[in-house]
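The values are calculated or read from the model by the stated rules, or taken from the named source; none is laboratory data. Only a predicted model underlies this, so the values are computations on that prediction, with no experimental measurement involved. Glycine also receives a Cβ, built like all others from the backbone with ideal geometry; neighbour counts cover every protein chain displayed. The protein model used for the area step is the full one, side chains on, heavy atoms only, and it has no ligands, DNA or RNA in it. Shrake-Rupley method; radii C 1.70, N 1.55, O 1.52, S 1.80 Å.
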Amino acid sequence: MSFAAARLAAVNPSASAWVSQAAREARARGQNIIDLGLGEPDFDTPDHIKAAAHQAALAGETKYPPTQGTHAMRQAVVGKLARENGLSYTPEEVIVSNGAKQVLFNALMATLEPGDEVLLCAPYFGQYKDIVLLLGGRPVPIPCPAEAGFRLTPAQLAGAITAKTRWLLFNQPGNPSGAVYSEDEITALGAVLRAHPRVLILSDEIYEHILFDGRVFRSFAALCPDLRDRTLTVNGVSKAYAMTGWRIGYGAGPEALIAAMTKVQSQISSGACSIAQAAAAAALTGPQECVRAFCAAFARRRDLVVARIADIPGLTLDPPGGAFYALIGCAALIGTRSPEGETLASDADVTAYLLRAAGVAAVPGSAYDLSPFFRISTAASDAVLETALDRIARAVADLKGFRP
Ligand code: PLP
């Protein structure tokens, strides 16, 4: 008997969770597996943040918090947006949710009518598409190839907008590509959007602090202030402060949109965990050295991965500008054969082969709607990354019928 409603039929479980499950199963069979599938920092949450959670629990912050978020956390978000992003919001224009994921869900649930189109810049964070499908919207992927730095161009955006377009989901630094846009590129996209007042903009800025080579992050809403009344800035503490398990994300946008999102949240989860909100507020208002130290480690690992991939014939990787992933091109591997004689016909076959032959779990580009690529997370120690890349190099060298 099936328990799933029809609307679930089009929705896929998260690809990286699926890959990690395959990695766990291979491990259970006795294989030595390096899991580079999941997108979470390998660092522990800094102690001063944990201490704030402890204090909150001891101080009795143990009751239902306000649905929209505690005043202290929303005030911390207001301060952060002003200080770091040059954005001016009031606490009424901020919502705190169970991770940025729920902010995304709330926003789309609150606004999408059946058949509304949502523009996605492929490769994109897989959950975008599945939430849209779950809510009866129509995802419209726009391919942003490696040659274009995985970035959306104004011409592509203009060509994709129709009378049914409701949202542009914009994410930079990007997961999985690490793409970062220049100020001019963002303002040029803003110029296109200006002519389409029905289109809302969701700027997912969760990797803002993981930025390399001296780049400076600029928020979409700060560069396009006249679009502020239809922009939702989404962020969270998961990636910047190594707090994936605390499940705190936030959104800032027009008060009416935030009110509609709060209504959705009131029926799903109520306010996010009061103790985790206290910890997140401490993260945003406390010392920021940890953020810089994490970023320096990710930059070093990015360099390591870029250098090693350059030495593996058949794989390609331009240095990602931010985030902690490497989206590796594997076009030359398609059509090759494994030592067992199986033809690798897709990037999903490539990742299945890497899991089997190299014991390395990676996510296929198809999960992000752009092939042929595979994504590895660089949120692992230098030693683990070195071993994984040694193994990938050996497995690729074992392929037959390969013409670099
Ligand atoms: N947005 C992007 C682009 C992500 O990569 C992720 C997590 O991988 C999220 C949002 C969700 O983050 P969280 O729900 O942990 O805050």
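Structure summary
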item	result
Lysine-lysine proximity count for the chain, Cα under 26 Å, sequence distance 8 or more or distinct chains	18
Cα gyration tensor shape of segment 48-287, rounded if a/c is under 1.5, else prolate or oblate by comparing a/b with b/c	prolate
Accessible-area composition of segment 48-287, carbon plus sulfur, in percent [1.4 Å probe]	57
Loop-exposed trypsin sites (Lys or Arg not before Pro) per DSSP, neighbour cap 13 Cβ within 10 angstrom, longest uninterrupted part of the chain	216-404
MET109 accessible area, assembled protein chains, probe 1.4 Å, Å²	90
DSSP loop GluC sites (Glu not before Pro) with at most 15 other Cβ within 10 Å: longest gap in the chain	1-339
Percent accessible area from carbon and sulfur atoms, segment 327-404, protein chains only, probe 1.4 Å	53
Between helix 15-28 and the chain: long-axis angle, C-alpha atoms, 0 to 90°, nearest 10	50
Heavy atoms of HIS48 accessible to a 1.4 Å probe, total area in Å² rounded to 10	70
Listed residues HIS54, GLY126, CYS144: farthest to the positive end of the dipole of segment 48-287 (Cβ charges)	HIS54
Cα-based helix-to-principal-axis angle, 382-397 vs the chain, degrees rounded to 10	40
Cβ-based charge dipole, the chain, positive-most Cα from ILE334, ALA6, HIS196	ALA6
Principal-axis tilt of helix 71-85 within the chain, Cα atoms, nearest 10 degrees	60
Accessible surface, segment 48-287, averaged per residue in Å² (probe 1.4 Å)	37
Peptides ranked, highest mean first, by Cβ atoms within 10 Å: ranges 315-327, 134-146	315-327, 134-146
Rel. contact order, % - alpha carbon contacts under 8 angstrom, at least six apart, the chain	23
